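Here the structure comes first, spelled out in structure tokens, and everything after it is commentary.
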Amino acid sequence: MKQSRPPLSGRTRLYGLFADPVGHLQTIAVVNALLDRRGVDAAIVPLHVTAEDFAATVAGMRHLRNFDGYVVSIPHKPMAARLCDELLPNATACGVVNVIRVDPDGRWIGETLDGIGMVKTTAGNIRRSAR
């Protein structure tokens, strides 16, 4: 298969997925394939971090200038919300974060998309079962 994006370089934008464990994650392959198909010079990498080390890891990650955002999985969602600089409406309402956008000024903006995904999946299932 021909690769549509350039190989990783010093200009490649990076995204991470915080989880514990990481071996079961399918998101990494799905997102990297999507980035490749769209020709985006970016990649997402699994970041295996324990709950005990999460806050210290986040503190260190703030110094990386080529990371543009993170996906957050179990067990880190509540702590991630507390470590963000700003929470968007769904994250504020739920008190958890599963995506973090790193703004150009370095601020971490957190949101949760879990509810949106659940509603869309449930609505799709209801429509299919009503047929």
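The values are calculated or read from the model by the stated rules, or taken from the named source; none is laboratory data. Please read these numbers as outputs of a predicted model, since none were measured by experiment. When we count neighbours, we look across all protein chains shown, and the Cβ atoms used for this are built from the backbone with ideal geometry, even at glycine. In case anyone asks, the SASA skips ligands and DNA or RNA and just uses the protein heavy atoms, side chains included. Shrake-Rupley method; radii C 1.70, N 1.55, O 1.52, S 1.80 Å.
Figures for the structure shown
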item: Selection from region 84-96 of residues that are in contact with a strand residue (DSSP E or B) (Cβ under 7 Å, 6 or more places away or on another chain) and either open to solvent by 40 Å² or more (accessible area, probe 1.4 Å) or farther than 10 Å from Glu111 by Cα (or both); result: Asp85, Glu86, Leu87, Leu88, Asn90
item: Counted residues, region 1-30 - those being free of Cβ contacts under 8 Å to residues at least 40 places away in the same chain and among the β-branched types (Val, Ile, Thr); result: 3
item: Within region 73-86, considering residues that are under 14 Å from the mean Cα position of the chain (by Cα), among the aliphatic types (A, V, I, L, M) and at pLDDT 95 or above, the one farthest from Ile28 (Cα to Cα); result: Ala81
item: Residue match in region 15-22 (condition: closer than 20 Å to Asp114 by Cα, under 13 Å from the mean Cα position of the chain (by Cα), surrounded by 11 or more Cβ atoms within 10 Å (Cβ to Cβ) and not hydrophobic (A, V, I, L, M, F, W, C)); result: yes
item: Condition met for Ala91 (at pLDDT below 95, farther than 29 Å from Pro6 by Cα and outside any loop (DSSP other than H, G, I, E, B)); result: yes
item: Test result for Leu8, hydrophobic (A, V, I, L, M, F, W, C), in a loop (DSSP other than H, G, I, E, B) and over 19 Å from Glu111 (Cα atoms); result: yes
item: Those residues of region 29-74 which are open to solvent by less than 30 Å² (accessible area, probe 1.4 Å), β-branched (Val, Ile, Thr) and either closer than 23 Å to Gly10 by Cβ or part of a loop (DSSP other than H, G, I, E, B) (or both), in sequence order; result: Ile44, Val49
